[in-house]
Every structure is written in structure tokens, then in C-alpha cells.
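Comments concern the structure below.
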There are 2 protein chains.
Amino acid sequence: MKTPITHQSVRTNLLGRIHSGEWSPGIVIPGEAELAIEFGCSRTTVNRALRQLADEGLVERRRKRGTIVTPLPSARTTLEIPIVRKEVEGRGGAYAHHILLNEMATAPASVAARLNTTAKSLLHLNTLHLSDGKPFMYEERWINPAAAPAAATADFEAISPNEWLVQEVPYSDGDISFSACAATAKVASLLETDEGAPLFLIERTTRMYGDAITTLKMYYPEGFRMTSKL
Amino acid sequence: MKTPITHQSVRTNLLGRIHSGEWSPGIVIPGEAELAIEFGCSRTTVNRALRQLADEGLVERRRKRGTIVTPLPSARTTLEIPIVRKEVEGRGGAYAHHILLNEMATAPASVAARLNTTAKSLLHLNTLHLSDGKPFMYEERWINPAAAPAAATADFEAISPNEWLVQEVPYSDGDISFSACAATAKVASLLETDEGAPLFLIERTTRMYGDAITTLKMYYPEGFRMTSKL
DNA sequence: TATGATTATATGTGTATACATAAAAGTCAA
DNA sequence: TTGACTTTTATGTATACACATATAATCATA
């Protein structure tokens, strides 16, 4: 009974050599063909294992030069940013939200710039998200009505703008940033904290093939932690 | 002249159908064999394209059931956390660092718990990182000497603990968290900000096959943003 | 009717093979 | 010596094929 060599087992073996220091950062490791012979499998299998390690940032591959163990590898982690309801429920809380503002308005210059749009009037939505009745996150959002016309008539009391957009309006790309900021008086009162208190801020803009869909700021009170595996 | 169908072009095509809404979330898409016929390529090629989309979280695949477009997809992004020197230089600053503390000490309970070690005495290193002479980040680090014995004699004035560890001590896994906190008097003075000012805090612990190597807190002053593409 | 065994099916994966492509190294003539 | 070719080589990728494996659906049996 022959147990075949899998790309997983090859990957694990290669990973072990990197972790043990047998192959140190910057070193050129043997070529695919050579490794295939060593492991007794096909080059395809070795290729897949190496490709995965390259995707993970542990090795760098270039034609002709070969494969090297990444020198000074950046720590990298994949962050999942779930919809707020799932996030709250995942922490064991009961989710609710309140729409504090829902109107067409002229966007300030900073928002218009982020959305890169000439539209004068945008949909402005402010939402407070609650966990077990307590403030969990406050969201200020602008939606480009050209990109999501149905937003004007959606019932955002029944389904949060966050969840509605994820389901109804696909996006092709976007960007996100994380920072810390001090609570303004208004945001502080909504989140039931003090003016000047540190807040965790996520800013996010999504686009569809160049056309901006929505941009928003999400304010989390102190104590919120975003955690991930390396 | 026949131009072959690549897994990239197949991926782009499938992505287009998802983005256009032709295949909406929750829908079962045609099987690999069927798509292979449609595209006029082998099942292997379709498989690779679908596998990539699954890695990216856009579709979910299960044997027998088939492939479905992910309902309520989480936004997800891969964050790169480079070594501090690269981060500073990447922003166009001149990097420098000062070791403020370098001693063996008894770790407080919270640190011992994070490292999950029974070692009584750990290496305690506090480092201030500078960009163009101005405070950029303050780092409080604990190192398990059992995991990195050479740390006791390393010249951390010449090379920051951050960079030294990345080069010298491989790790197999770890975790990282992001949050906001208020500056204590001590940290505020180091970062030249005010007590109570909002700080961006990254906490990180790395391990090697279960043995803790190092745990640290990195404090960034207000204004620091961690940005990424969705 | 409930339950356990069987079958069909979609994805998962390894192999051998062929050709494409990028880039380093070598060749050769002006 | 330089610059324009050619060769070599390592990775990149498509294909046809075979078998593995999970699981939904179906069928047989108590």
C-alpha cells in the first residue's frame, strides 16, 4: 500500500526546513525538479507546495533565479471584517441598530474626494449599532445614489445599511484603514463614553470598477479589539 | 494561432459574473466539468481558478454539493506588518531607535500568561523608534530566553530587537490584535503627546511549535494609520 | 417507518507530458 | 570592450488521465 506524497506533506516538510533554520532567509533552495526527485513525487506537486508558500510570503520565486527564502519577511495576517450583526452575535451579544439620520445631503469636500464623484447630493446615513442594548459601534456612511439607486427606498430600520449593501451591491475593490482617534462630544455621547476618549476607527471605501459606492467611518469604543492569527 | 485559456482569464470571467450579479450570493454555480466545456479548457484549469476564488473567500466549495457564491461575504484584507525600520523608511523618514531598557526581570502575571511560560525571569526590552528624530512608535517587549538564548548577548543598539528577532528567530505561529487605548503619563512623555491621548496599539505574541518566543505591545501616536486594499 | 448500506456525483489531488516565458549566462562579431 | 544574438535553465502553466474522498440521494432491510 503506497501512500502518495501530497502537496500538503511537501509543504509541511519545506516549512520545517525553513523554520528549523536549515534554509535561512536569503538562501536559494533546490529547484523544483531536484525536490521532486528527492520527495519521489512529480514536479507539479512540488510546484503547488512552493506556490502556496510563495502566496504566504515565506518564499520568493523568480524564473531562472529559482526560489529563495524571503529575507526579512513581513508579518502578515488576513483580517476578516464581518458584517456588524455577525460580529456582535459572534461575541454572544443580541444585535440591534438605530438609524439616526437618513437623508440626501451635500457631501463635505473630504467625503466627495474619497468617493471621487461629482454628484452634488449623496445619501447620508448615520447608524448606531448595539450589542445587548449597549452601544457597540457608531457608523457614519455616505452612499453614491448612482451606484445604488435602490438605497433611496430601502428599509434600513429592518436591515442595517451595512448588511443591505453587502447583499445588494457587489463591489470590485476598495480600501480600508485602521487608526485611533479621540471622541468628539457628539460621538462620545452616542457611545456613552467621555469626550476625548480613545476610539478605534475603521475607514472604508468601496468601488465598482472605478465608481465609488460608499464610504464610511466606524467608531468603536475603547476596549474593542480586532484579533487575528499570524 | 490559438491563444490558450488561462486560469487567470477563467478567474476573471467567473469574477465578472459574480460582480455583475449574474450569479448572486448563495447560488450554486455550474460544476467544474460543465465550465470546462463552456470555456473550452481542461477541468484542471477551471479547478485552479475556482480554488483561487475559494481562497479569496468569494465562493465556498464542498464535495458533492458543488460551488456556491459566498452569501454575506466578509470583507477581508491581508495586512502586511513590516519591520519598523522598513515601515519608517517606506514613509520617507530616517530611522533610528533607542533602547530604553534591557534587563532580565520577573514578568508580571499578564505577560507570563500571554507567553504561557513558567520561566521566572524574562528579558525585558523597551525600545523607542524614531522617524526623522521624532517619536514614531514605542515598544515594550518580553523575550523568552529559552527560545532565543542569543538575545542575551545581542547588540540591540546596532540592530533593533524587532529586526534581530525576525532575522534570527523563526516562528511558526502567533497572534496579533489591534485596538485603541489612552496614553499613560510615561508613554505620553516618550511619544511627546499628552496623557490620555488616543494611541493605536498593536499587541503581538509569536511562538515556535508551542513555545512562546516573544510578546510585545507597540504604541503608535494619534495620526498613525494602517492602510490596506480590500 | 426508521435506519443502515449503497450508489452517484462533484470536488480534491497526483502524474506524466508539453510548451511558454523570463532572465542569466554565454557567444561572437564589429 | 561593447552590444546584439543565442543558449540554457528554472519557473509558469495547460492538458489528459486516474484515482481519492466527501456527501447527498437512493435503495434495501429490519
>> So B:Pro25 passes all but one of these: (1) closer than 24 Å to B:Thr77 by Cα; (2) free of Cβ contacts under 8 Å to residues at least 24 places away in the same chain; (3) surrounded by 13 or more Cβ atoms within 10 Å (Cβ to Cβ). Which condition number does it fail?
In response: (2)
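For (1) away from DNA strand D (no atom under 11 Å from the Cβ); (2) in contact with an Asp or Glu (Cβ under 7 Å, 6 or more places away or on another chain); (3) within 13 Å of chain A (Cβ to nearest Cβ), each residue gets a yes or a no:
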| residue | (1), (2), (3) |
| --- | --- |
| B:Gly21 | yes, no, yes |
| B:Thr45 | no, no, no |
| B:Arg63 | no, no, no |
| B:Ala75 | yes, no, yes |
| B:Ala112 | yes, no, no |
> Only one of these conditions is not met by B:Thr206: (1) more than 9 Å from every other protein chain (Cβ to nearest Cβ); (2) hydroxyl-bearing (Ser, Thr, Tyr); (3) not in a loop (DSSP other than H, G, I, E, B). Which number is it?
Replying inline: (1)
> So which of B:Thr12, B:Thr6 ends up being of a type in the set (Ser, Thr, Tyr) and within 8 Å of DNA strand D (Cβ to nearest atom)?
Replying inline: B:Thr6
> Is it true that some residue in the stretch B:181-203 is touching a residue at least 12 places away in the same chain (Cβ under 8 Å), within 23 Å of B:Met104 (Cβ to Cβ) and within 9 Å of another protein chain (Cβ to nearest Cβ)?
Replying inline: yes
> Which of the residues spanning the stretch B:21-57 are among the polar types (S, T, N, Q) and near DNA strand C (Cβ under 8 Å from one of its atoms)?
Replying inline: B:Thr44, B:Asn47
> Can you tell me which of A:Ile83, A:Ile68, A:Ile99 is within 11 Å of DNA strand D (Cβ to nearest atom) and aliphatic (A, V, I, L, M)?
Replying inline: A:Ile68
>> Can you pull out every residue in the stretch B:65-81 that is outside any strand (DSSP E or B) and over 23 Å from the mean Cα position of the chain (by Cα)?
In response: B:Arg65, B:Thr70, B:Pro71, B:Leu72
> Using beta carbons and a limit of 6 Å, which pairs, at least six apart or on different chains, have the first residue in the stretch B:50-67 and among the charged types (D, E, K, R) and the second one modelled with pLDDT of 90 or more and within 6 Å of DNA strand C (Cβ to nearest atom)?
Replying inline: B:Arg61/B:Thr67
>> On the basis of being surrounded by 14 or more Cβ atoms within 10 Å (Cβ to Cβ), farther than 19 Å from B:Leu191 by Cα and either within 16 Å of DNA strand C (Cβ to nearest atom) or modelled with pLDDT of 90 or more (or both), does B:Ile159 make the cut?
In response: yes
>> Can you name every one of the strands (runs of 3 or more DSSP E) wholly within the stretch A:84-182 that holds 3 or more residues which are under 30 Å from B:Arg17 (Cβ atoms), under 19 Å from the mean Cα position of the chain (by Cα) and among the acidic types (Asp, Glu)?
In response: none
>> With modelled with pLDDT of 95 or more, surrounded by fewer than 20 Cβ atoms within 10 Å (Cβ to Cβ), under 28 Å from B:Lys229 (Cα atoms) and not aromatic (Phe, Trp, Tyr) as the only criterion, which of A:Glu140, A:Glu192, A:Glu168 stands out?
In response: A:Glu140
> Given (1) within 16 Å of DNA strand D (Cβ to nearest atom); (2) closer than 29 Å to B:Pro82 by Cβ, where does A:Glu38 come up short, assuming only one miss?
Replying inline: (2)
> What residue, of B:Leu100, B:Leu72, B:Leu123, is on the phi > 0 side of the Ramachandran plot and aliphatic (A, V, I, L, M)?
Replying inline: B:Leu72
> Residue check, B:Thr67 against (1) more than 14 Å from chain A (Cβ to nearest Cβ); (2) within 30 Å of A:Asp175 (Cβ to Cβ); (3) away from DNA strand C (no atom under 12 Å from the Cβ); (4) crowded, with 16+ Cβ neighbours inside 10 Å, all met but one. Which one?
Replying inline: (3)
>> Filter the stretch A:17-39 down to the residues that are part of a helix (DSSP H, G or I) and closer than 28 Å to B:Arg207 by Cβ and list them by number.
In response: A:Arg17, A:Ile18, A:His19, A:Ser20, A:Leu35, A:Phe39
> What are the residues in the stretch A:40-64 that are among the basic types (Lys, Arg) and either surrounded by 14 or more Cβ atoms within 10 Å (Cβ to Cβ) or not in a loop (DSSP other than H, G, I, E, B) (or both), if any?
Replying inline: A:Arg43, A:Arg48, A:Arg51, A:Arg61, A:Arg62
> List the pairs whose first member sits in the stretch A:28-39 and is free of Cβ contacts under 8 Å to residues at least 24 places away in the same chain and farther than 16 Å from A:Glu60 by Cβ, whose second member is of a type outside the set (Gly, Ala, Ser) and surrounded by fewer than 19 Cβ atoms within 10 Å (Cβ to Cβ), and whose Cβ atoms are under 8 Å apart, counting only residues at least 6 apart or on separate chains?
Replying inline: A:Ala33/A:Arg43; A:Ala36/A:Arg43; A:Glu38/A:Pro30
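The values are calculated or read from the model by the stated rules, or taken from the named source; none is laboratory data. In this text, all values refer to a predicted model and were calculated from it rather than measured experimentally. Here the Cβ is made from the backbone with ideal geometry for all residues, glycine too, and neighbour counts use every protein chain on show.
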